[in-house]
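Read through the structure below, which is laid out as C-alpha cells, and then see the notes.
The values are calculated or read from the model by the stated rules, or taken from the named source; none is laboratory data. Because the structure is predicted, anything quoted here is derived from the model rather than measured. Don't worry about glycine lacking a Cβ; one is built from the backbone with ideal geometry, like all the others, and counts go over all protein chains shown.
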Amino acid sequence: MVGIKQFVMNKSCDILICGGGISGLLATAFFGISGYKVICVDPSLNDEASTTKNLDLRSTALLQQSIELMQKFNIWNDLIPYATPLYTMRIIDAGGENESPRAKRDFNSSEISGLPFGWNISNSVLKEELIKKIYTLSNVQLCFGVNSTKIVTRTSEAKVWLSNGETVKAKLLIGADGKNSFVRKSLGIKSSSSNFKQSALAFIVNHPVSHQNISTEIHMSGGPFTLVPLNDNNGQHRSAVVWMEKTIRAKNLIDLNKDAFQDEVNKRSCGVLGNLTINSKTSLWPIVSQLSETFYSERTVLIAEAAHSSPPIGAQGLNMGMSDISTLLSLVEKNGLDSESAISEYSRLRRLKVNLRMKGIDALNLTSMAKMQWFKDLRSKSLGLIHDITPLRDQLMKYGMNAL
Ligand SMILES: Cc1cc2nc3c(=O)[nH]c(=O)nc-3n(C[C@H](O)[C@H](O)[C@H](O)COP(=O)(O)OP(=O)(O)OC[C@H]3O[C@@H](n4cnc5c(N)ncnc54)[C@H](O)[C@@H]3O)c2cc1C
C-alpha cells in the first residue's frame, strides 16, 4: 500500500481501540465514520497491511447481515471486486467405512432470499481496504507497532499506557485484542474455555472444476474440511480451504513435504473439485471455544475474539464480532458515550446471544469430530432428515445466514 503515513498519537480521545485485527479495524472505521474521535493501537500492524509479515492466508465468509452493516458505512462497494458470492452450502458426509461421499445435500440461498448467503474475501485484502478507508478519516488515528501495557479505569475515563511511552485517556476503551486479550486480563475478567485439541489448517488451492459459488463442507472425522470459493485468478479456479483436524494429526500434516501434503489434501477432498493444487503457504490455527464471563468493565468493553472465540464452523466468528460492534454502536448512539448502562447493556445482550450460538457451533464441531462409526452413521442420516424437511431446512438456513 503506497502513501500511508504514521500518525502522531494524541493524548486523549473518545474511543481507544486496543487491537487492529479485522474487528478492531472495523470498529475503528464504524465509530470513526460516525464522528467519534478514535485511536486504534496494534503492535503487529505496520504501514503495509499486505506485507508478508502481516499476510493472513485465511479468508472470511461475510454473512448478509455483515454486508448490510458495511453498506451502511459505505465500505462494501470498495470490497465487492475482491469478494466471491456464496449461493449454495453443500454438506457432504464421507464418514462411511470407505471414506467416500455417501450423503450430499445442498442448501440454496435462493430458497429463502434473492441474495447469496454471504461473500468470501481474503483477510489481507479486507484489512488493507479497511486501513485505506480509515486513512481518509481525519478524526481517526492508527498507531502501528504499539501495544497497550497498562490500564487504569475511573468512572469518567480509561487511561492506557502504551509501549512507546505515551498515555491515552479515552471515554471508552474497546478491547479488540484477540483471544489472549491484554485488556481482558488486565481488568481481571475471567473467561471459560473448552479445548478440543483441534487445529485448523488454512491454505488456498487451484482446481480444474469450477466451484460454481458453492461452499463445500466434507465430514469424515477430526473436523470438517471446507472449500470456500474465491474469485478466479488468471483463469484459474480457486478456493480457500479450512481443514480442521485433531492437533496431533494437523501438526503431522503440516510437516509433510509439499507433494505428500497435496496427496493428503486430495484424499480428504474426495475429488469434489477435481485434482487440487496447493497455491499458498499453509497456516495452522489452534481451535478453542472461549467465552468471557462479561464483555464489560468500567469504561471498557470487549468485542470479537477478545470476548468470544469459537471453532471456524458456519462462518460465525468474525460475523459475530461485527454484530458486537453494531450493537455497541447503536447503544452508544442512543444513550451517549458516557452512559455506563449502555455498555453494561451491550455486554448483557451480546453475551446471551453469543453464548447460545457458541453452544450450537461446539455441538456441530463435536458431531464432525466423531470417530465412532454408529455416530457417523447417525450424522449422515440426520443430514438427510434436516435437509429434506423443508420448514426445518429453511429455518436452519435463516439461522445460519444471520450472526445475530
Ligand atoms: C481458519 C479460520 C477460518 C475462519 N473463517 C471465518 C469465516 O469464514 N467467517 C468468520 O466470520 N470468521 C472466521 N474465522 C474467525 C475470524 O477469523 C476471527 O473471528 C477474527 O479474525 C478475529 O479477529 P479479531 O480482530 O477479534 O482478533 P485478531 O485477529 O486476533 O486481532 C487481535 C489484534 O490485537 C492485537 N493485540 C494483541 N495484543 C495487543 C495489545 N496489548 N495492545 C494492542 N493490540 C494488541 C494483535 O496484534 C492483533 O492484531 C476464522 C478463523 C479461523 C482460525
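Before we move on, is ILE204 outside any strand (DSSP E or B), of a type in the set (Val, Ile, Thr), within 15 Å of the ligand (Cβ to nearest atom) and touching a residue at least 40 places away in the same chain (Cβ under 8 Å)?
In short, no.
Only one entry in LEU337, LEU256 is farther than 26 Å from ARG90 by Cα and in contact (Cβ under 8 Å) with a residue 60 or more places away in the chain, namely LEU337. Look at ILE361 and say whether it is within 16 Å of the ligand (Cβ to nearest atom), assigned to a loop (DSSP other than H, G, I, E, B) and either surrounded by fewer than 23 Cβ atoms within 10 Å (Cβ to Cβ) or touching a residue at least 40 places away in the same chain (Cβ under 8 Å) (or both). Judged against the criteria, ILE361 is not a match.
Would you check if there is a residue in the range 113-123 being under 19 Å from the mean Cα position of the chain (by Cα) and either of a type in the set (Asp, Glu) or in a helix (DSSP H, G or I) (or both)? Looking through the range 113-123, at least one residue is under 19 Å from the mean Cα position of the chain (by Cα) and either of a type in the set (Asp, Glu) or in a helix (DSSP H, G or I) (or both). Counting the residues of the range 50-108 that are at pLDDT below 90, assigned to a helix (DSSP H, G or I) and more than 28 Å from THR367 (Cα to Cα) gives 3. The set of residues in the range 149-179 that are assigned to a strand (DSSP E or B), away from the ligand (no atom under 12 Å from the Cβ) and over 21 Å from LEU328 (Cα atoms) comprises VAL152, THR167.
Residues in the range 310-354 that are buried (at least 16 other Cβ atoms within 10 Å of the Cβ), over 29 Å from VAL228 (Cβ atoms) and of a type outside the set (Asp, Glu): LEU331, VAL332, LEU337, ALA342, ILE343, SER344, TYR346, SER347, LEU349.
With respect to LEU45, determine if the residue is within 15 Å of the ligand (Cβ to nearest atom) and modelled with pLDDT under 95.
Numbers: within 15 Å of the ligand (Cβ to nearest atom): yes; modelled with pLDDT under 95: yes.
For LEU45, the condition - within 15 Å of the ligand (Cβ to nearest atom) and modelled with pLDDT under 95 - is met.
For the range 280-289, does any single residue satisfy the condition of being among the aromatic types (Phe, Trp, Tyr), closer than 18 Å to CYS18 by Cβ and in contact with a strand residue (DSSP E or B) (Cβ under 7 Å, 6 or more places away or on another chain)?
No, because not a single residue in the range 280-289 is among the aromatic types (Phe, Trp, Tyr), closer than 18 Å to CYS18 by Cβ and in contact with a strand residue (DSSP E or B) (Cβ under 7 Å, 6 or more places away or on another chain).
Any residue that is at pLDDT below 95, more than 30 Å from PHE31 (Cβ to Cβ) and touching a helix residue (DSSP H, G or I) at 6+ places or on another chain (Cβ under 8 Å) - is there at least one of those in the range 208-219? Yes, some residue in the range 208-219 is at pLDDT below 95, more than 30 Å from PHE31 (Cβ to Cβ) and touching a helix residue (DSSP H, G or I) at 6+ places or on another chain (Cβ under 8 Å). Among VAL242, VAL272, which is the only one that is modelled with pLDDT under 95, under 22 Å from the mean Cα position of the chain (by Cα) and assigned by TED's automatic domain parsing to the domain that holds ALA103? Residue meeting the stated conditions: VAL242.
For the range 181-201, filtering for residues that are more than 9 Å from the ligand (Cβ to nearest atom), at pLDDT below 95 and not polar (S, T, N, Q) leaves 2. State all residues of the range 290-340 that are at positive phi and either in a helix (DSSP H, G or I) or more than 16 Å from the ligand (Cβ to nearest atom) (or both); if no residue qualifies, say none. Passing the criteria: ARG299, ALA304, GLY336.
Please indicate, with yes or no, whether at least one residue in the range 221-228 is over 23 Å from ALA103 (Cβ atoms) and either among the basic types (Lys, Arg) or modelled with pLDDT of 95 or more (or both). Scanning the range 221-228 turns up no residue that is over 23 Å from ALA103 (Cβ atoms) and either among the basic types (Lys, Arg) or modelled with pLDDT of 95 or more (or both).
Within the range 142-186, the set of residues being in contact with a Ser or Thr (Cβ under 6 Å, 6 or more places away or on another chain), among the β-branched types (Val, Ile, Thr) and buried (at least 21 other Cβ atoms within 10 Å of the Cβ) comprises VAL146, ILE151, VAL160.
Against the list (1) out of contact with any Gly (no Cβ under 8 Å at 6 or more places or on another chain); (2) crowded, with 23+ Cβ neighbours inside 10 Å; (3) not assigned by TED's automatic domain parsing to the domain that holds ASN206, the condition GLU305 fails is (1).
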